[in-house]
Each structure stands twice: as C-alpha cells, then as structure tokens.
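Structure record follows, encoded as structure tokens.
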Amino acid sequence: MAQQLASIPLFASLPPDQLVALAERGQVQSLAPGCSVVQEGDSADALYVLLAGSARVYKRHADGGETQLADSTRAATSASWRCWTASRARRGS
C-alpha cells in the first residue's frame, strides 16, 4: 500500500516511514459502480484516495437534475482507500 501511495502526487514527497505509517492507518474498500461515497453536507471525517477505477463528483439539484463537477479515471476496477483521521482513530472507530 505504501508504494501505491508514493505514486500519488499528494504523497510522493513523504519519506518511506511516513508512507508506511499512513498506509497502516488506511483501509482499502472495493465499491460497486454507481455507489455514493460521500454526499453534500456529510461531515468530513476521512480522506478518500482513488487507487483504481473512476470517480465522478456532481451536484444534485432539487428538481432531480445533476451537474457534473469533476471526473477521474485510473483503471478499470473501482476501489478507494480510506484514511481515518487521528481523532476518529482515538475514538475507536
């Protein structure tokens, strides 16, 4: 997992020991196509990193319509890596 994180620009400058520590606190999740990971108004209690697959960010409107805000593709399968914040880890979640 640390090697995968090192290939992501956000984490590329971290030393190996910090990448390992970050990877140890993370959790890999495979997600079904079309599922929602977060929704507008949710509390931000985790960092999601796309390791493979694709993700779409969009805004839902009251009339049921959607506006796509962003799109990301890395591979053919869908997976995410969830990094729990220190405060959440302390609570035992």
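Readers should treat all values here as calculations from the given coordinates under stated rules, not as data from a laboratory. As the structure is a prediction and not an experimental result, all values here were calculated from the model. With ideal geometry, Cβ positions are generated from the backbone for all residues, glycine too; neighbour counts draw on all protein chains shown.
The table that follows gives values for the structure above.
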item	result
Environment charge of K59, counting only residues whose C-beta is closer than 15 Å and scoring Lys/Arg +1, Asp/Glu -1	-3
Kirkwood-Stokes translational diffusion coefficient of region 1-71, alpha-carbon pairs, 4 °C, 1.567 mPa s, µm²/s	90 µm²/s
Amide H contacts under 5 Å for Y58, placed H, 5+ residues apart	L69
Derived scalar couplings ³J(HN,Hα) [region 43-55; Karplus, 6.51 cos²θ - 1.76 cosθ + 1.60; whole Hz; x for Gly, Pro]	5, 8, 10, 7, 10, 9, 10, 7, 8, 7, x, 9, 9
Principal axis dimensions, largest first and in whole angstrom, of region 2-42 by Cα	34, 21, 17
